[in-house]
Structure formats: C-alpha cells, structure tokens
1. Which members of segment 81-98 meet the condition of being touching a residue at least 60 places away in the same chain (Cβ under 8 Å) and under 14 Å from residue 24 (Cβ atoms)?
2. With respect to residue 243, determine if the residue is out of contact with any helix residue (DSSP H, G or I) (no Cβ under 6 Å at 6 or more places or on another chain) and modelled with pLDDT under 90.
3. May I ask you to list the residues in segment 183-199 that are buried (at least 19 other Cβ atoms within 10 Å of the Cβ), at pLDDT 80 or above and over 24 Å from residue 262 (Cβ atoms)?
C-alpha cells in the first residue's frame, strides 16, 4: 500500500512540498498587492503617495511595477497550466522568485533600451516622460518580466552593441546620460553642479565643439567649467558640468541641455526647485 504523506508534513518540507494551490494563492496575493500599490499611489493613499521614481526621473515607477506584474503573470500561468502535473522540487522557488526577478529584469531592460534607442520622448511632466512614453516603458518591462528569455537576448544584444566590435557597429548610439538632470539639493544663492556624461558608442571618433553645448535661457544656469574641445574615441565619454545658482525662493527650474555633435542634437531635461 502506498504511503500517504500528511498535509502538514508536506508544508514542513518547505516550498518544494507545497501544492500548486499554495502558489496560486501567493500569486493572487501578489497581484492584489500590486493593484493596491498602483491605485493607492495614483489616488494619494497615505504613505503610498510618497513612493518616488527609483532612479530620480530616469525610470518611472511604472517600470519596476510592470516588471513585477509580468513576473507574477507568468508564474500564475504556470501554476494554472501545470497544476495537474505539478513538479514542486523543480519549479517551487522559480515561482516564488518570479515577481522579484520580473521587477529587476524589467527595470534593467528598460534602462538598456533608453540608453541604446533613445526614442522615448521627454515632456514637462514631473516624471520626465509623456504618458505614452511611460506606457511604452511599462509594456517593455512587463514583457521582459513575463518572459526572461527576452531579457537574456536583450543583454546579449546590448553587450554587442555597446562593447563588442561585431557587425552592429553602425548602430551604436551617442547618448547623454542621464537624460533628466535633477538639482535635488540646490540652496538659495549657492552654486550647485550636476554632471552629465556624453557617451560615444558609435564606430568612429567624434569631435565635441564647446560652441555646440548650451543650456536653455534660465537665470543662474550655466555650463561651468566650460566644456573642453575634445575628440571622444569610440566607447569613450566626456563630462559636461551644469551649474545652477537659484536667485529666488520657490523657484522651479525647467530648462534643457543641448549638445550638437556628429550631426546629431542630443537633449537632456534640467529640473530643480529652490527652497
């Protein structure tokens, strides 16, 4: 006669001994928690309204959220689809880790896309992106969180584009990093600086002329020290220092850094608030 393992004994075995129903409830709890966070932040519920973008405007909060949702979604599909042929010893920890891995993979993938493609437009919104741009980034994050194979393929492609000398040289980018400059600790009458990196991921050396670097007209905002007249080799970079001296209290900085290089105009949004 086959020996039956008591239900509580299976629970004591750890996640590998749990039934698919346990993982089903965990996934439902994850989805409920993510929905509460999303609606709570949008509606300004308590402490949820204090949640900020994880990378100071470079990546909106919707990105890690959507990545986590994608991870939960693929776990949910796996639990429902394989409940009749459950393999706890092999997939238990995979299901537990999917929301966290989805959040991480989705966020890193979006950072890679922003750096390489530079096709998500900035706006005057506080998060630095148009609503359409945020939606696009969230969809990318969800897809990568749902299917980690996409993330692995993206990592290989980005490594080839940025670092490798392979056939994708012509597609390598020239980028300003970050594309949203934040003066978070500006003091009234005190000069504060933020550094922006000009990255040359193209196949050729590019020349940076100081005359091609400018900031939008705004009181107290300058490029200091002046940009050097330099040649930037492939896979090289140079720095551009933006200085702001707030001249009045409650002043909101809203300007743009423009760099004309290699027949291309690059832009970075500049924002800040004086106390």
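1. 82, 83, 86, 88, 92, 95, 96
2. Here the answer is no, as residue 243 does not meet what is asked.
3. Across segment 183-199, the qualifying residue is only 183.
Each row is one residue, and each column tells you yes or no for (1) modelled with pLDDT of 85 or more; (2) assigned by TED's automatic domain parsing to the domain that holds residue 177; (3) out of contact with any helix residue (DSSP H, G or I) (no Cβ under 6 Å at 6 or more places or on another chain).
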residue: 52; (1), (2), (3): no, no, yes
residue: 55; (1), (2), (3): no, no, yes
residue: 62; (1), (2), (3): yes, no, no
residue: 77; (1), (2), (3): yes, no, yes
residue: 85; (1), (2), (3): no, no, yes
residue: 89; (1), (2), (3): no, no, no
residue: 92; (1), (2), (3): yes, no, no
residue: 98; (1), (2), (3): yes, no, no
residue: 102; (1), (2), (3): yes, no, no
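The values are calculated or read from the model by the stated rules, or taken from the named source; none is laboratory data. Here the structure is a predicted model, which means the values were calculated and not measured. Using ideal geometry, Cβ is built from the backbone for each residue, glycine included, and neighbour counts are taken over all protein chains shown.
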